[in-house]
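Novice: What follows is a structure written as structure tokens; I'll ask about it next.
The values are calculated or read from the model by the stated rules, or taken from the named source; none is laboratory data. Because the structure is a prediction, the values reported are computed rather than measured. Every residue, glycine among them, receives a Cβ derived from its backbone with ideal geometry; neighbour counts consider all protein chains shown. For the accessible areas, the whole protein counts, side chains as well, though only heavy atoms, and no ligand, DNA or RNA atoms are used. Shrake-Rupley method; radii C 1.70, N 1.55, O 1.52, S 1.80 Å.
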Amino acid sequence: MNKIKKVVIPVAGKGTRFLPITKTISKTLLPIVDTPVIQYLLEESVASGIKEALIIIGYNQNDVINYFNTESTYVQKLNKDYEEIKYIKKLKNQIRISYVFQEEAKGLGDAVKHAKAFVGQDDFALILGDDFVFSDGFKIYGIGSLCKLYEKIPSYYLGVHEVPYDKTFKYGIVDPESSLSSCFKIKNIIEKPKDNPPSNMACVGRYILKNSIFSYLEKTKIGVGGEIQLTDALALALAKETIYASEFAGTRYDVGSKIGYVEATIAVAKSRSDLKEEIEQYLKQ
Ligand code: UTP
């Protein structure tokens, strides 16, 4: 059976929407309640059957490596074996984590290029470091929904979500080839369309990419915002490849934006047995 076993998680962007904290703390380490975003993304990958993760970090993001170091002086000086630390150790046994540096934030397309050696000949999953998918009770959610589709028909899959038309300028927007259903073929994709978006179905941080993406990335020129855009490489790929867009299980939050971050925090707090009652009480006030 065709199975996706590797995930690439780029977190090397500048995180300017979260200044000033991103001056010294990586955006992906900001906690949703008490757990950093990156840990949720790895949990989502494990739930999807993925065994290896590559985290693409910026030159100043050793804090991400330090977070997953369970042998650090801090841990050694703790007076007991905390469950939270044991949990990180367990997670690391479930998914092998490696890192690569993207020295300069030249765009998502450029970040993905840095995964070539890790990926080898395989097709792979891509999860963006600032899109959080809350499981909402689903065992397999987010990238897992796309992995399942890939198992049936190995192809490119883009996780999409309907957004208001007046917000389409913020996203990669797909142009559906067939009528809209939960999974449909696309005929084009446009990064941050200024006007006349082809639909309101936006790419929201979950992708299954075939290995051929690297050849299209090599041909991709600098695009919107002076960055190498993955969307432009996908648009090139469409000449030869079939690309599907699909919705996925779970609820997606743009935790790279302040409002998305607050909404995600409330959703997670409401789902936790240790906080549920208090947060609901508070929200009623
Ligand atoms: P964004 O453009 O949304 O994030 O990139 P950003 O640049 O970090 O944030 P703002 O807009 O300045 O606040 C989407 C994802 O791609 C990663 C980001 O870290 C984020 O997870 N990315 C982006 C890279 O890894 N490298 C890049 O060069 C650009």
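Novice: What does the C-alpha gyration tensor say about the overall shape of the stretch 129-170? Classify as rounded when a/c is under 1.5, otherwise prolate if a/b is larger than b/c, or oblate.
Specialist: In terms of gyration-tensor shape, oblate.
Novice: Give me the percent of DSSP beta bridges within the chain that run antiparallel, rounded to the nearest 5.
Specialist: Within the chain, antiparallel bridges account for around 60 percent of the total.
Novice: For the chain, with all protein chains present and a 1.4 Å probe, just round the carbon and sulfur fraction of the accessible area to a whole percent. Walk me through the numbers before you get to the answer.
Specialist: Details: 7500 of 14660 Å².
Carbon and sulfur together cover 51 percent of it.
Novice: Report the equivalent ellipsoid semi-axes for the stretch 92-233 in whole Å, largest first, defined as the square roots of five times the eigenvalues of the gyration tensor built from alpha carbon atoms.
Specialist: 23, 21, 15
Novice: Determine the sum of side-chain charges near residue 4: Lys and Arg each +1, Asp and Glu each -1, restricted to other residues whose C-beta is under 13 angstrom from that of residue 4.
Specialist: So the environment of residue 4 carries a net charge of +3.
Novice: Here's something else I'd like to know. At 1.4 Å probe size, what's the solvent-accessible area of residue 122? Round to the nearest 10 Å².
Specialist: 70
Novice: Would you count, across the stretch 120-256, every pair of lysines whose alpha carbons are under 13 angstrom apart, provided the pair is eight or more residues apart or spans two chains?
Specialist: Taking the Cα cut-off of 13 Å, the pair count is 7.
Novice: Along the positive direction of the dipole of the chain (beta-carbon charges: Lys, Arg +1; Asp, Glu -1; about the Cα centre), which of 20, 93, 182 reaches farthest?
Specialist: Highest projection toward the positive end goes to 93.
Novice: Counting heavy atoms of the protein chains only and a 1.4 Å probe, report the per residue accessible area for the stretch 101-179 as a whole number of Å². Intermediate values should be presented prior to the final figure.
Specialist: On the way: 3630 Å² over 79 residues.
Each residue of the stretch 101-179 exposes 46 Å² on average to a 1.4 Å probe.
Novice: Could you tell me the distance between the Cα centroids of the stretch 141-211 and the stretch 1-72, to the nearest Å?
Specialist: Taking the Cα centre of the stretch 1-72 as reference, the centre of the stretch 141-211 is 23 Å away.
Novice: Rounded to the nearest 500 deg cm²/dmol, what is the calculated helix-only ellipticity per residue at 222 nm for the chain, with -39500 (n - 2.57) per DSSP H run of length n ≥ 4?
Specialist: On the way: 11 runs with 91 residues, N = 285.
Mean residue ellipticity at 222 nm (helix-derived): -8500 deg cm²/dmol.
Novice: Can you give the Rg to Rh ratio for the stretch 148-194, taking only C-alpha atoms and Rh from Kirkwood?
Specialist: Value, to two decimals: 1.00.
Novice: By the scheme Lys and Arg +1, Asp and Glu -1, what is the net charge of all other residues having a beta-carbon under 10 Å from that of residue 56?
Specialist: With Lys, Arg at +1 and Asp, Glu at -1, the net is 0.
Novice: Contour minus end-to-end for residue 19 and residue 282, with contour as 0.36 nm per residue of separation and end-to-end as the Cα-Cα distance?
Specialist: Roughly 91.9 nm would be gained on extension.
Novice: Placing +1 at every Lys and Arg Cβ and -1 at every Asp and Glu Cβ, with all other atoms neutral, what dipole size does the stretch 46-90 have around its Cα centre, in debye to the nearest 20?
Specialist: Around 120 debye, computed over the stretch 46-90.
Novice: Positive end of the dipole of the chain, charges at C-beta (+1 Lys, Arg; -1 Asp, Glu), about the Cα centre: which of 269, 137, 46 has its Cα farthest in that direction?
Specialist: Checked the options; the winner is 46.
Novice: Can you give the alpha-carbon Rg of the chain over 2.2 N^0.38 Å, where N counts its residues?
Specialist: Values: Rg = 18.8 Å, N = 285, 2.2 N^0.38 = 18.8 Å.
Normalised by 2.2 N^0.38 Å, the Cα Rg of the chain equals 1.00.
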